[in-house]
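The values are calculated or read from the model by the stated rules, or taken from the named source; none is laboratory data. Since we're looking at a predicted model, the values are computed, not measured. Here Cβ is always computed from backbone atoms with ideal geometry, including for glycine, and neighbour counts include all displayed protein chains.
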């Protein structure tokens, strides 16, 4: 699976994933009002608005980037209707040829982790029929429970040709409370990085493994160290844009050939229509603004990689 | 909210939570075959079987224990139909007067963690209407992202009178890979334990905080240390029974007055009908066997607490 992401990045020349993390604040009035009129003040109204919002963005960016990353929490917040919109979003993005990284940050032990892996990446046998859950291409995984929690995901990746990104160093300010703690003379995130490289050894697909890592754009020095510790792990980099990461911060996450990393931006793209830089906010030009923001981000990263 | 759990434990004299973690292997043939005939080989057939299975167990144990703990992964595996069965299970258990601990092990940052908290414990405003997601009483939370990931849950607990259990030391064999690592001269799980006590300080409800901890029955010595580090945290103890924990291992998790902990058993109760000790497996006496297994577990824990 990771090879498909590499090919997508080469084809689009954009190591960019668009985070589809809708919030009611980001939804243009024309979409939300229409659904409130149709469904009343309900989870259904928000969920259908999320899907229409995503669709308008995807229709305008699917030719520019290889992948999208829906954050399941935003949908889960609205219960079953929200998760139906999440599933419809995944299916629509895959129809448009995009790879889908399910940002689910799941992690448990043994057969429970296997259930999560089957839910988001695999399929379950019911009699002689294979039944799919959410059927994304990649998922994010939390490593706090150790190998018992991650290996069932690796098995499912191998069986269904899928991939995961394991949280190594997250982009948030308090990520250091646990992740930076020094243990055996090095920070915990380096230990997790070594484990990712190890877990990934049996899941190679081309130059990279299907088992990748999440490392926040907000910690570029740590990115440099982790790039060396995990030579076969593709790095998913959140924290660009709204969280403070800039193109110049990103060069450390990439290999010499400009591969090995993919950078996520959510708010900076999906809420670009509210930013006067991209469009008159009153015109609610969701898709057009998102497209401009992606092109800007592409230039920012390209420039940073050329100038390093 | 935690006070309601304490009262439930006092009333039933059972510091026991029944894990509603259905798997197709645990479902009696009479239930599964009926739903396969009705819905074909589909996620719907499994999901409806899960709900009927849970209902039969709950009907036979709701007067014996204060709480149940559905493991969402088992339901998520079957996509939207699975999650509908999960929601129906929560609602049914609450109707029967049981407290529901949603074993979701969620955790992310900032507004994303807030979305998870609202999804599982709170409600979201749509216009002037409050829309609930899954509406459990407690949820389990993964601490790998630090305070940024946990505090939004604490806020939601305070707003909606709910509780969480933060993973501190999990019951699985590889939990030590990260959690036991020595940092600042003590293992990481002790650091997380201290954080739980700190996070919980602003969410007190009686003698305990609404912010509790998960500590596996399989590590009783660590349970002893953690009981001291977190005097106000209620401890949710998984790993009893099938994972190897016995009643005698559990005394360390309790306070002197026999409170402060609640022990989970899943397979040992919900699959008791397959165990000849409780019933003739061919008769598929799901509810009757579950009831006997709960009573056995109650005696085991009571005996251990008396003999300590």
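Select from the range B:37-57 the residues that are in contact with a helix residue (DSSP H, G or I) (Cβ under 7 Å, 6 or more places away or on another chain) and under 12 Å from residue A:124 (Cα atoms) and write down the one among them that is surrounded by the fewest Cβ atoms within 10 Å (Cβ to Cβ). Among those that are in contact with a helix residue (DSSP H, G or I) (Cβ under 7 Å, 6 or more places away or on another chain) and under 12 Å from residue A:124 (Cα atoms), it is B:43. Of the residues making up the range B:16-63, those that are closer than 19 Å to residue B:275 by Cα and outside any helix (DSSP H, G or I) are B:18, B:19, B:20, B:21, B:22, B:23, B:27, B:28.
Are there strands (runs of 3 or more DSSP E) fully within the range B:150-269 with at least 1 residues that are under 30 Å from residue B:28 (Cα atoms)? List them.
Values: elements: B:163-169, B:208-215, B:233-237, B:261-265.
The strands (runs of 3 or more DSSP E) meeting that bar are B:233-237, B:261-265.
Screening residue B:255 with (1) within 17 Å of the chain's Cα centre (by Cα); (2) over 28 Å from residue A:195 (Cβ atoms); (3) without any contact (Cβ under 8 Å) to a residue 60 or more places away in the chain gives one miss only, at (1). Of all residues in the range A:129-156, exactly one satisfies the criterion of being crowded, with 24+ Cβ neighbours inside 10 Å and free of Cβ contacts under 8 Å to residues at least 24 places away in the same chain, namely A:133.
Condition check ((1) surrounded by 24 or more Cβ atoms within 10 Å (Cβ to Cβ); (2) under 30 Å from residue A:130 (Cβ atoms); (3) more than 9 Å from every other protein chain (Cβ to nearest Cβ)) across all residues:
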| position | (1), (2), (3) |
| --- | --- |
| B:59 | no, no, yes |
| B:64 | no, no, yes |
| B:71 | yes, yes, no |
| B:80 | no, yes, no |
| B:101 | yes, no, yes |
| B:111 | no, no, no |
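Taken over the range A:13-35, the criterion of being away from chain B (no Cβ under 13 Å) and surrounded by fewer than 18 Cβ atoms within 10 Å (Cβ to Cβ) is satisfied by A:13, A:30, A:34.
Can we say residue B:153 is at the interface with chain A (Cβ under 10 Å from one of its Cβ atoms) and more than 17 Å from residue A:143 (Cβ to Cβ)?
Details: at the interface with chain A (Cβ under 10 Å from one of its Cβ atoms): no; more than 17 Å from residue A:143 (Cβ to Cβ): yes.
Judged against the criteria, residue B:153 is not a match.
The set of residues from the range A:123-149 being part of a loop (DSSP other than H, G, I, E, B), within 11 Å of chain B (Cβ to nearest Cβ) and within 24 Å of residue A:264 (Cα to Cα) comprises A:134, A:135, A:142, A:143, A:144. Within the range B:113-121, not a single residue is out of contact with any strand residue (DSSP E or B) (no Cβ under 7 Å at 6 or more places or on another chain), in a helix (DSSP H, G or I) and at pLDDT below 95.
The C-beta contact set for the range A:192-212 (first residue free of Cβ contacts under 8 Å to residues at least 24 places away in the same chain, second residue assigned to a helix (DSSP H, G or I) and surrounded by fewer than 21 Cβ atoms within 10 Å (Cβ to Cβ), distance under 9 angstrom, 6+ apart or interchain) comprises A:198/A:147.
If you go through the range B:270-295, how many residues are part of a helix (DSSP H, G or I) and at pLDDT below 95? Let's see the steps before the verdict.
Here is the first cut: in the range B:270-295, the ones part of a helix (DSSP H, G or I) are B:270, B:272-274, B:281-283, B:286-295.
Now drop any that are not at pLDDT below 95, which leaves B:281-283.
The qualifying residues number 3.
Summed over the range B:258-277, residues that are buried (at least 20 other Cβ atoms within 10 Å of the Cβ) and either closer than 21 Å to residue B:54 by Cβ or in contact (Cβ under 8 Å) with a residue 60 or more places away in the chain (or both) total 12.
Quickly run through the range B:157-178 and pick out the residues that are in contact with a helix residue (DSSP H, G or I) (Cβ under 7 Å, 6 or more places away or on another chain), buried (at least 23 other Cβ atoms within 10 Å of the Cβ) and more than 9 Å from chain A (Cβ to nearest Cβ). The answer is B:157, B:162, B:163, B:164, B:166, B:168, B:169.
More than 20 Å from residue B:119 (Cα to Cα), touching a helix residue (DSSP H, G or I) at 6+ places or on another chain (Cβ under 8 Å) and touching a residue at least 24 places away in the same chain (Cβ under 8 Å), is that true of residue A:15? Spelling it out, residue A:15 is indeed more than 20 Å from residue B:119 (Cα to Cα), touching a helix residue (DSSP H, G or I) at 6+ places or on another chain (Cβ under 8 Å) and touching a residue at least 24 places away in the same chain (Cβ under 8 Å).
Quick check on residue B:229: is it in contact (Cβ under 8 Å) with a residue 12 or more places away in the chain and over 20 Å from the mean Cα position of the chain (by Cα)? Criteria met by residue B:229.
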